[in-house]
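First comes the structure, then the notes that go with it.
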4 protein chains.
Amino acid sequence: MALALNKEELSQYLVEVFPQVRDDFAIEALTEDSVIMRLLTAERHLRPGGTISGPSMFALADVSVYAMVLARVGRQALAVTTNCSMDFIRKPDGDAQMIAECRLLKLGRTLAVGDVLMFSEGSGKPVARATLTYSIPPAGSAAASF
Amino acid sequence: MALALNKEELSQYLVEVFPQVRDDFAIEALTEDSVIMRLLTAERHLRPGGTISGPSMFALADVSVYAMVLARVGRQALAVTTNCSMDFIRKPDGDAQMIAECRLLKLGRTLAVGDVLMFSEGSGKPVARATLTYSIPPAGSAAASF
Amino acid sequence: MALALNKEELSQYLVEVFPQVRDDFAIEALTEDSVIMRLLTAERHLRPGGTISGPSMFALADVSVYAMVLARVGRQALAVTTNCSMDFIRKPDGDAQMIAECRLLKLGRTLAVGDVLMFSEGSGKPVARATLTYSIPPAGSAAASF
Amino acid sequence: MALALNKEELSQYLVEVFPQVRDDFAIEALTEDSVIMRLLTAERHLRPGGTISGPSMFALADVSVYAMVLARVGRQALAVTTNCSMDFIRKPDGDAQMIAECRLLKLGRTLAVGDVLMFSEGSGKPVARATLTYSIPPAGSAAASF
């Protein structure tokens with residue numbers, strides 16, 4: 001149940017395998033079964049009206065569960081998303097950064113499941129929720145062959 | 001943000017509009033934005049091997065969100081499910097009753113969203129999770145015409 | 001890409017491992033990547049107002065994908081549902097039997113994905129849709145340990 | 001059941017309300033209940049290894065259903081996504097453009113549901129599937145208040 005990577009190791013590994021995260025996401029906190037991730041909101045994440053785009057919220061949820069899985073299984077860049085469900089619940093505040101709270105619900109031998117609540121920073125009402133399933137490649141394999 | 005029905009009124013109304021719940025489900029606790037529901041596990045909910053069937057878990061999640069919505073909007077029997085996502089995470093324990101913890105994420109004018117974690121009683125590890133959306137008929141209308 | 005079980009073998013195997021299907025479901029047609037399943041609608045599947053219950057529709061979708069997977073991989077009773085998403089689109093007609101059209105989208109080494117459209121017999125408008133993921137236990141293992 | 005906007009009007013309106021689509025998406029074909037949309041794959045849609053990113057596939061599915069809804073209800077820019085489920089089924093081919101085939105399953109007074117299959121151009125095997133629900137603002141209202 002221990003972390004394979006601490007917050008600093010995880011941040012560094014994410015940037016290594018997934019360079020685009022450097023400017024988009026920052027890990028705020030990490031425990032054995034949860035991570036808090038910040039979307040570093042920039043012009044490219046917005047839609048007319050100042051709201052945050054659906055694809056940006058999808059990306060935030062996806063990277064949160066990916067980071068959570070890697071924190072536990074270690075440097076396994078080839079974990080892949082197999083399923084996602086999302087509910088868009090309220091209009092996000094385009095002036096606030098978006099915060100994702102991710103819980104790891106399951107870490108099995110081949111599948112991991114995490115769910116995510118997303119908030120506009122400073123508000124307690126969820127803007128969106130998501131659940132994602134990741135397929136984890138067997139140790140030693142070249143890739144997830146789900 | 002107040003409850004339109006308290007726990008006793010809600011239990012009674014559910015039995016009235018939905019008589020099959022009497023033997024299948026019991027409300028354990030109710031707050032303004034959460035409900036805990038028990039599946040009164042019986043032979044008909046089981047699958048060979050003593051595990052609880054998928055349709056029984058679906059029914060538990062569905063009735064939990066339905067009850068939560070009615071607790072807030074009052075006697076609106078015609079609220080209908082429009083969407084459900086579920087993840088089956090662990091094998092449930094067929095010897096234990098199943099407990100659902102439902103949170104209300106959104107109660108809008110026409111849509112409500114609730115999510116549900118399900119546990120075998122006595123275990124802290126979730127067996128399944130679900131999110132459901134309900135369409136709420138406008139006050140005075142004969143039915144939800146989503 | 002060939003079927004491991006033909007329609008008669010599949011029907012017989014389903015009844016063997018899953019006796020409750022005998023009275024609830026009938027396979028209408030089977031190809032290498034599709035199955036048509038009928039819900040043999042009875043009083044126990046209905047809700048007040050004559051509509052078919054959500055759990056009955058869930059069960060129909062679930063058994064359709066399960067049957068499709070077994071038709072391809074053979075007698076692997078221990079395949080388990082890991083994820084389901086459903087949309088309830090129209091009020092079903094309680095006087096008509098419900099027909100599910102299932103397509104196999106993916107049959108991998110460990111995961112299978114099928115989607116399902118459900119119709120009230122005689123109507124061309126879908127009543128519901130669902131997508132289910134099954135975890136397939138490795139050959140020779142005692143169970144799916146997803 | 002007629003189209004409110006033809007293919008040219010729809011393309012033009014999408015660019016108007018949603019300028020970023022100009023470089024990302026192109027409508028290939030439009031009927032009363034289906035649309036075929038192309039992702040104009042560029043460097044920014046790719047992940048290391050040459051595969052198309054999850055957020056790009058989400059965006060393709062989302063814009064496909066949005067376009068389908070607008071084609072039927074007319075210039076209603078404020079329709080908003082309320083729910084999405086996606087399955088990632090195969091590794092997309094980063095060298096091929098991605099094609100989405102969207103079917104409109106339901107167009108109600110307040111909710112529309114569409115589903116989408118995504119293919120790497122030239123391949124008949126789906127790379128991903130998605131179902132999205134849109135909330136349609138009442139005629140004359142300033143916004144969808146779901």
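The values are calculated or read from the model by the stated rules, or taken from the named source; none is laboratory data. Predicted model, so just to flag it, every value in this text is computed and none were measured. A quick note on method: Cβ atoms are made from the backbone with ideal geometry, for glycine too, and the neighbour counts reach across all protein chains shown. To get the accessible areas, we keep the full protein, side chains included, count just its heavy atoms, and leave off ligands, DNA and RNA. Shrake-Rupley method; radii C 1.70, N 1.55, O 1.52, S 1.80 Å.
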Legend entry - Nearby lysines by direct alpha-carbon distance to A:Lys91 (threshold 19 angstrom, same-chain neighbours under 8 apart not counted): A:Lys125, B:Lys106
Legend entry - HN-Hα J in Hz across the stretch C:97-112 - Karplus 6.51, -1.76, 1.60, θ = phi - 60°, x for Gly and Pro: 6, 9, 10, 10, 10, 10, 10, 8, 8, 7, 10, x, 5, 10, 10, 10
Legend entry - For A:Ile89, distant residues with modelled amide H under 5 Å away: A:Ala128, A:Arg129
Legend entry - Cβ charges +1 (Lys, Arg) and -1 (Asp, Glu), total dipole of the stretch A:7-145, debye: 360 debye
Legend entry - Charge dipole (debye, nearest 20) of the protein assembly as shown; +1 at Cβ of Lys and Arg, -1 at Cβ of Asp and Glu: 0 debye
Legend entry - Separation between Cα centres of the stretch C:76-99 and the stretch C:1-47, rounded to whole Å: 13 Å
Legend entry - Highest-first arrangement of C:32-39, C:16-23, C:111-118, where packing means the average Cβ count within 10 Å: C:111-118, C:32-39, C:16-23
Inset, instruction - Quickly work out the C:Arg22-to-B:Ala26 label distance, labels modelled 7 Å from Cα along the C-beta direction, and quote it in nm with one decimal. - result: 3.3 nm
Inset, instruction - Quick one: which residues, 5+ away or cross-chain, put their amide H under 5 Å from the amide H of C:Gln76? H built at 1.01 Å from N. - result: none
Inset, instruction - Shortest first and in nm with one decimal, please list how far the C:Ser123 label point sits from its counterparts in the other copies (point 7 Å along Cα→Cβ). - result: 3.7, 3.7, 3.9
Legend entry - Copy-to-copy label separations for C:Arg109, where each label sits 7 Å from Cα toward Cβ, in nm and ascending: 1.3, 5.3, 5.3
Legend entry - D:Glu121/A:Lys7 FRET efficiency (R0 51 Å; Cβ-Cβ; nearest 0.05): 0.80
Inset, instruction - Would you tell me which residue of chain A has the beta carbon closest to the rotation axis bringing chain A onto chain B, and how many whole Å away it is? - result: A:Ser85, 2
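Can you pull the mean other chain C-beta count within 10 Å for peptide C:8-20?
Whole-number average of other-chain Cβ neighbours for C:8-20 is 1.
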Inset, instruction - Mind ranking A:Lys91, C:Lys106 by accessible surface for me, highest first, 1.4 Å probe? - result: A:Lys91, C:Lys106
Inset, instruction - Collect residues whose amide H, placed 1.01 Å from N in the peptide plane, falls under 5 Å from the amide H of A:Leu40; neighbours closer than 5 in sequence don't count. - result: A:Phe25, A:Ala26
Legend entry - For the stretch D:86-92, Karplus couplings with θ = phi - 60° (6.51, -1.76, 1.60), whole Hz, Gly/Pro x: 9, 10, 9, 9, 9, 5, x
Legend entry - Pair A:Leu78, D:Leu46: separation of 7 Å Cα→Cβ label points (nm): 2.0 nm
Legend entry - Label distances, nm, B:Gly50 versus same residue in remaining copies, Cβ-directed 7 Å point: 4.4, 5.3, 5.9
Legend entry - Accessible surface ranking that places the most exposed of A:Leu3, A:Leu78, D:Leu14 first, with a 1.4 angstrom probe: A:Leu78, A:Leu3, D:Leu14
Inset, instruction - With θ set to phi - 60°, apply the Karplus curve 6.51 cos²θ - 1.76 cosθ + 1.60 along the stretch D:57-66 and write out the HN-Hα couplings as whole Hz, x wherever there is a Gly or Pro. - result: 5, 4, 4, 5, 5, 5, 5, 5, 5, 4
Inset, instruction - Determine the shielding of peptide B:59-65 by partner chains: average, over its residues, the number of Cβ atoms on other chains within 10 angstrom of each Cβ. - result: 2
Inset, instruction - State the answer as a single residue: which of B:Gly108, B:Pro126, B:Ala79 lies farthest towards the positive end of the charge dipole of the stretch B:7-145, with beta carbon charges of +1 for Lys and Arg and -1 for Asp and Glu, about the Cα centre. - result: B:Gly108
Legend entry - Helix D:7-17 axis, angle to chain D major axis (alpha carbon atoms, nearest 10°): 90 degrees
Legend entry - Listed peptides A:50-57, A:94-101, A:6-13 by packing density, highest first (mean Cβ within 10 Å): A:50-57, A:94-101, A:6-13
Legend entry - Relative contact order %, chain C, counting alpha carbon pairs below 8 Å whose residues are six or more apart: 24 percent
Inset, instruction - Report the residue, chosen from B:Thr82, B:Thr133, B:Thr41, that carries the largest GNM mean-square fluctuation when chain B is represented by alpha-carbon nodes joined by springs under 10 Å. - result: B:Thr82
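Looking only at other chains, what is the average number of their beta-carbon atoms within 10 angstrom of each beta-carbon in D:123-136?
On the way: counts 0, 0, 2, 5, 0, 3, 7, 3, 9, 4, 9, 0, 5, 0.
Whole-number average of other-chain Cβ neighbours for D:123-136 is 3.
Do the sum for the protein assembly as shown: with -39,500 (n - 2.57) for every DSSP H run of n ≥ 4, divided by all residues, what is the mean residue ellipticity at 222 nm, to the nearest 500 deg cm²/dmol?
Numbers: 12 runs with 140 residues, N = 584.
The helix contribution divided over the protein assembly as shown gives -7500 deg cm²/dmol.
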Inset, instruction - Kindly compute the accessible surface that chains D and A hide from a 1.4 Å probe when together, both sides summed, and give it to the nearest 100 Å². - result: 1600 Å²
